[in-house]
Every structure is written in C-alpha cells, then in structure tokens.
Amino acid sequence: MRSNQLTGEMPAFLGFLTNLKFLRFRNNSLRGTIPPSLGNLSSLEVLDLAANGLTGILPEALGRLTNLSYFTVATNAISGNVPVSMFNLSNIRFFSVGGNNNIHGTLPSNLAITMPYIEFFSVAENQLSGQIPISVSNASNLNVLELDGNRLNGNVPSLEKLDKLRILTVFTNQLGHGREGDLNFLCTLVNDTKLESLDISINNFGGVFPKCISNFSSAVLQLVMEDNKMWGRIPDGIENLINLESLRVSENHLSGHIPFNIELNTLQGSIPSSLGKCQNLLVMDLSDNNLSGTIPPQVLGLSSMSIALDLSSNYLTGELPLEIENLEKLGELDVSRNRLSGFLPNNLGSCVGLEKLLLDGNSFEGPIPSSFSSLRGLVRLDMSDNNLSGVFKNASATFVEGNNKLCGGIPELHLSRCNSKTSSNTSLKIAIVVVVFGVTLVFTSLLVLWFRKKKEQPTTTCVENSLLQLSYQMILKATDGFSMQNFLGSGSFGSVYKGILEESGETIAIKVLNLLNQRASRSFMVECALKNIRHRNLVKVLTAISGVDYQGNDFKALVYEFMENGSLENWLHPSTAINEPEMMRNLNFFQRVNVAIDVAHALEYLHHHCETPIIHCGLKPSNILLDEAMVGHLSDFGLEKFLAEDLLNYSTNQSSSLGLRGTIGYAPPGQFSLSISSSHRLNTLA
C-alpha cells in the first residue's frame, strides 16, 4: 500500500496476519505509534514504514521477527532507543532508521557480528552518541554505511574487510581528535574497488591529507572532506582518480600548490562530436579555453541538457547549428565572445526553458528571429556587439516612445542624436555637477524627512527587503523539485512550498499559482501590486516570478518571507498534514491576546494608513502566520478589495456589495460594508 494517501494510525489487527511476508506502507501520511502486535508476524520478511509521520518508540516486540531481511522506518518522527534485540536479527540485509528521526542511545559493540548479512545500514540524522563499534569492520557484505548527522565521537575503526562498500557517510559528527592518526582509516579503503562516494566532512579529523587517497579505486566519484582540521597539501597523484566528479576540501588548514592536473585548463582544438553520446548530460561548461572550429550538431542534440551550456570566451566559428531546437529544457545558453557568424536560427525559439541567452561579441547578422517571442521565461538577453538588423529599419513597425535613453537610428524614429566624444565629455561634466548638486539636495531633504518621520510615525513598518531576483530554475532547486518534503499546504489558487535558496541559504515560502483557476492570475496581480506595502504584522512579498516551466507552460509564483511557526489554524486545531510530525501545540492566554492584537494592528494599518484603504476578504486562522517569536502576520491578499475603487462605483441605492468573497461558511470583516451609506460607519465597521 506504499505511495498512497493513507492517514490515521496503523491498526493493531495487522498482527493477526500471521502468514504475512511483506508489509509496505512507505510514503503515506500515517500517524501514531507502531503497533507492538506486528511482533507476532513470524513470517514477515519485509517491513517498510518509511516516509510517514509515525511517532513513539520502536516496539521491543519487533526483535522477534527472526525472518526479517528488510526493515526501514526512515523519515518519520521515531524516538527512544533501538531495541537491542533488533540488532540481533541475523537475517537482516537492509536496516534503516535514518532520516529525520530522533533516536538516541549507542550502537552495540557486537554490531555486524550479529548481522552477518547486512548490506545497507543507516542510522543517519538521529541523536546517537558513543563510538563506532570496532565490530563494523567485519561487515564484509556492506554496500552502504550511513552514520552521518549524529553525535558519534572517537576514531573510525579499520574498514579493510569492507571491500564491497560503495557509499560511506560519517559527516556531521564529532569524530576524530584533531591530531595525526585520525585519518588512518582512509588508507584501509585502498583495496575497495567499488567505492564511489566518501563524505567525512564537518568533524574533528586532524592530520596530514592522506597520500593514500591517490591509490583509491578509479570508481570514486565524490570525495567530501571539508570542515575538518587537516593540514598539508593535496597530493599530486590525485589525478589518478580519473572519474572524480566532486572534490571538496574547504575549511581545513591545507597549504602548498593545488596539483597542476586539477587546475583550470587552456584546452585547444575542436569540441569532439563524440560528446553527443553523453545522453545523460545536464550541464556542459567549456568556457575560457582556446577551443576552435564549429559547434558539433551532436552536442546541441543532447535533449538531456537542462541546466546550462557555456561555450563562451573561445575561438569557435561557423553558424549556430539548427539542432539547437533540441535543447528545449535548457536554462542557460552562453556562446558569447567567440567568432560565430551567420543568421540566428529561427528555431532558437523552441528553447522555451531559457532564462539566460548570451550571444554577444560574435558576428551574427540578419534579423532577430520572431520566434524569440516564445522565450517567455527569459531573465537576461544579450545580443550586443554583433551585426544584427531588423525591425528598427522600419519606422512604421517600430514604437519606441518612453525609452528616453535611446538615440540615433533612422530619422523617422525622431530620436535624439547620439553625442560625439567631445560633446559627450562636455555633457558628462555638466551631468556630474547636476548630479552632485541633486544628490546633496536629495540627501538633505531625506535627512529632514527622516527626523520628521521619526517623531511623527510609530514604528509599525519594516525596512523593505531588497527584492530577490529569482527564476523558475532557482525555485525548482530551492524546493528540491517541488518535493512533498517541502510541501506546506494548498489553497484556492495554488500550493505553498518551503524553499532554501542555494546561493544564500535563506529560507523562503513559495506559492505556486494554479493557473487552471481563472481567478489565480488576478490573485497574482493583486499580490504583486501589494508587494511594496510594509508592516511588521503583514507577511512580506519578497518577489514575484512569471515565466515558463521546462514544458513550456506558463508559470507564476509569489515568494514570501518564511514563518517558522506556521499558521494560527495549526496551533488552534493541530494538523495531520503531510510531512508535519504530530506535536503538542498550545497557545496560552497571553499568546492568544498578542496574536489578536497583531492582527488588529495589521487591519488598522490596511484600513486607515494605506494610501488606498484595503479590506482583507479572507481573514481566518489559516491566513494568520506566526514567526519564530510568535508574532502574528496577516497573509493571503488574493481576495482583498481596494475600498476607494469600490466606493467610486457604489450607489446608495444598492443593497449589496460586489459579491461574496472569501471562504464559504464565514463572513469576513467588510463583507457587507458597502451596503452602508455613511463613510464614517463604513470605516468603523471595516
């Protein structure tokens, strides 16, 4: 029954299914504890309860499942200790309690001796302490060992017998002593021909960077050793790891030269067409080299390429191949500063996922393709320093009014003449004098206004955050592909996700509009219009995104500041939503009063201190969000009414407002206010 929408608790009567061999509830929304009656399933071989919201402890009775070979409760909210009897399940091959649980205790000293067939062992992201048992060195069948995200300390034992190990993660612990000898265990892995990924970062490992790493298997793809206390230099032989994709050794005490063979290159020659066989390629960066020749059509035929293709700053010649149309999911294309020529292919408009298109510094000629109108997600476009022509030669087909910085062109456009170098210098001098005088005047005025506002205006508004410059690709990364792990909830006009920006690490909330709902676009425009309104009790709109997704569909999203404590609704009526572990939540009397006051401040500001009074038509607990200090913030303005606009269209003969707004089942403030003729009464009621 995995990957469904099951809710509630696991029924105890499952323990009566004594012949059951496989029980899978992975990826549902189950809550409550694991029934001890499952210990009666003596025939059970597979028990998969991962990715739910289960709480409580692991029942001691599970240690009776002697036929169990596969067990996981990863990504739940399990606490307590793992029963010792579970480490004695001799047939177990896959064992995982890792991922967002809260399990305490230590690992038993005879681990791996009592699990002789173990292949996958994970206790990651828990609260385990103590040392890694020496007995783990006997787990000769291990493929994956995940001990990361705990409080383990001491040394890592020899791993010499683990010659089948592919993945080893011990990052984010307290391992090592910051001295020589801490990294000796790495040299016991040189005979492991299957090792692909090793992550020992964020620990206390000291000692010289081990030279033995140069003797690791060429199968190694990832080495992560950052944030430790290593010293010395990176050994020259590291280039032997010919398949290495990621080497991270930052935040240590390394010195000396970076080995020449892993530095930046000055590649020359042509781009090999055989790269077209890399059918899973996502990004290709060959920029800043001495490459020449034409761009192979086979490279542009890689439809898998969805992140970036950067061929800039080389000596590439010829035309941009027509196969460019295959890169319809590509986010960034940069062929700037080359020697490319010819017409731009009209099918370039097929690359509907493009957010950045850089063609500058080449010799492209002819008109700008009309298909560029399909690139609705573009954030940056640079076609400067080419020989392009087109619509600007036809005055009747060109409208340039309002672009005060344009100059030159054909006389019919009536643009100002572009100044010569001499007159430009004169204008520059005049401009500098004017700017200096203007800046002084503006600064003085702002200083006077600041002192005046400080005296007159209460501190109800916050300094406006600088607007974020985000794109669909950045939002996709921030939410891990809009995964359910980051899903916060849904409403009338879309779904809300938690996101972490890759560049800054800032946590944000993202509302992705459901454009199948015709009212969603209006809601988007309304909240865009309100993004400059600032008050400590209003949720800030950080930015808005409008473009297309990788399938070419319209995409609209709003980005808000993230509220750590969720909605008032979830505090008053605890939720059983996906990915939110059950917890005891309670608001005391003073917190309730404070939240009510916060909301009152927000409404008072909207009604009386905005340039145009605004009525919030969806005031309810789910639209009141609480930050980390439990301060209330009013959110979701998609149904608001601008009061001044309504009053202009209002007649005293009318007996009702513009129509019902908000959630059916309650009447928000202002719902019936337009039926009252007195403006004083109107503001009072609102």
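Structure summary
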| read-out | value |
| --- | --- |
| Antiparallel bridge percentage (DSSP; both residues within the range 162-305; nearest 5) | 0 percent |
| Unit charges on C-beta of K, R, D, E only; dipole of the range 468-562, Debye | 440 debye |
| Mean-position separation - Cα centroids, the range 121-169 and the range 78-116, in angstrom | 12 Å |
| Around T169: net Lys/Arg minus Asp/Glu count, Cβ-Cβ under 12 Å | -4 |
| Distance (nanometres) between label positions extended 7 Å along Cα→Cβ at V631 and L6 | 4.4 nm |
| Cβ-defined net charge surrounding K211, 11 Å radius [Lys, Arg +1; Asp, Glu -1] | 0 |
| Debye, to nearest 20: dipole size of the range 157-253, +1 on Lys, Arg Cβ, -1 on Asp, Glu Cβ | 160 debye |
| Separation of alpha-carbon centers, the range 502-526 and the range 213-236, rounded to whole Å | 42 Å |
| For the range 10-131, size of Cβ-based charge dipole, Lys and Arg +1, Asp and Glu -1, in debye | 200 debye |
| Ratio Rg/Rh, restricted to the range 468-562 and using Cα atoms, in which Rh is the Kirkwood radius | 0.94 |
| Rounded to 5, the percent of DSSP beta bridges in the range 468-562 classed as antiparallel | 100 percent |
| Pairwise label distance in nanometres, H573 with L381, each label 7 Å out on the Cα-Cβ vector | 4.8 nm |
| Cβ-based exposure ranking for V352, V249, in which fewest neighbours within 10 Å come first | V249, V352 |
| Gain upon complete extension [T317, L14; 0.36 nm per residue less C-alpha separation] | 102.1 nm |
| Cross-link partners of K229 among aspartates and glutamates (Cα-Cα below 12 Å; sequence separation of 8 or more within a chain) | E180, D182, E251 |
| Theoretical FRET efficiency, 1/(1+(r/R0)^6), r = Cβ-Cβ of S273 and V593, R0 60 Å, to 0.05 | 0.25 |
| Gain in span if fully extended, K21 to S292, counting 0.36 nm per residue against the direct Cα distance | 91.3 nm |
| Environment charge at L49 (Cβ cut-off 10 Å; Lys +1, Arg +1, Asp -1, Glu -1) | +2 |
| Once the Cα gyration tensor of the range 83-182 is diagonalised, semi-axes √(5λ) in Å | 19, 17, 12 |
| Equivalent ellipsoid, the range 268-385 (semi-axes from 5 times Cα gyration tensor eigenvalues, Å) | 19, 17, 12 |
| Estimated FRET transfer efficiency when R0 is 35 angstrom, pair V46-S217 (beta carbons, to 0.05) | 0.65 |
| Full-extension gain in nm, N346 to C187, via 0.36 nm per residue minus C-alpha separation | 51.6 nm |
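Every number in this text was worked out from the coordinates using simple rules, so none of it is lab data. Just so it is clear, the structure is predicted and the values come from calculations on it, not from any experiment. A quick note on method: Cβ atoms are made from the backbone with ideal geometry, for glycine too, and the neighbour counts reach across all protein chains shown.
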